[in-house]
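Participant: Quick one: structure below, then a few questions.
The values are calculated or read from the model by the stated rules, or taken from the named source; none is laboratory data. Being a predicted model, the structure only gives us computed values, none of them experimental. Neighbour counts run over all protein chains shown; Cβ positions are idealised from the backbone, glycine included. Surface accessibility is based on the protein's heavy atoms, side chains included, excluding ligands, DNA and RNA. Shrake-Rupley method; radii C 1.70, N 1.55, O 1.52, S 1.80 Å.
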Amino acid sequence: MIPQELKYNESHEWVKQEDDIATIGITDYAQSEIQDIVYVELPEVGTELTQKTEFGVIESVKAAFDLYAPVSGEVIEVNESLLDAPEQVNESPYDDGWFLKIQMTDPSELDALLDADSYQAHIEAEHG
């Protein structure tokens, strides 16, 4: 199930917009592909991010994956609970497993992201 109200990066990050604040995480599809998440590395509050640039790393028992910012802006909050309990990303990718919140510098960047139907088509194209 892909939440309709979110926007998506082709690299499987999701964005929830509330005014000019963007909450970011990875999709249920991504966490199921990564499987047992054991570590999450996130930027510090105050870090400036640019759309489509790397902002962190997520590691499973098998591999590490880079995380990419779906929008540009300043990190205003980081989900500190993931440091002690990274498995929250597997258990609740859209709720407890969010990564960070960004004060967007250009909310129109959201227009360049995929909607739920386009993201579903992207997954299907990627994996046949």
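Participant: Between Val89, Val15, Val45, which gets the highest mean-square fluctuation from a Gaussian network model of the chain, Cα cutoff 10 Å?
Facilitator: Comparing Val89, Val15, Val45 in a Gaussian network model of the chain, the most mobile one is Val45.
Participant: Would you calculate the convex hull of the Cα atoms in the stretch 7-127 and tell me its volume per residue in Å³?
Facilitator: Enclosed volume per residue, from the Cα hull, is 91 Å³.
Participant: Between Val61 and Glu41, what length in nm is gained on full extension when 0.36 nm per residue of separation is reduced by their alpha carbon distance?
Facilitator: Fully extending the segment from Val61 to Glu41 adds 5.7 nm.
Participant: Keeping every protein chain present and rolling a 1.4 Å probe, give me the accessible area per residue for the chain in Å².
Facilitator: For the chain, the per-residue accessible area is 52 Å².
Participant: Expected output is a single nm value to one decimal: the length gained when fully extending between Ser108 and Lys16, i.e. 0.36 nm times separation in residues minus the C-alpha distance. What is it?
Facilitator: Stretched out fully, the Ser108 to Lys16 stretch lengthens by 31.8 nm.
Participant: Given the C-alpha centroids of the stretch 19-40 and the stretch 71-128, what is the distance between them in whole angstrom?
Facilitator: After rounding, the separation between the Cα centres reads 6 Å.
Participant: Next question, about the same structure. Between Glu87 and Met1, what is the label-point separation in nm under the 7 Å Cα-to-beta-carbon projection?
Facilitator: Simple spin-label model gives 2.3 nm for this pair.
Participant: Could you compute the FRET efficiency for Asp95 and Thr53, with r as their C-beta to C-beta distance and R0 at 35 Å, rounded to 0.05?
Facilitator: Efficiency for this residue pair is about 0.85.
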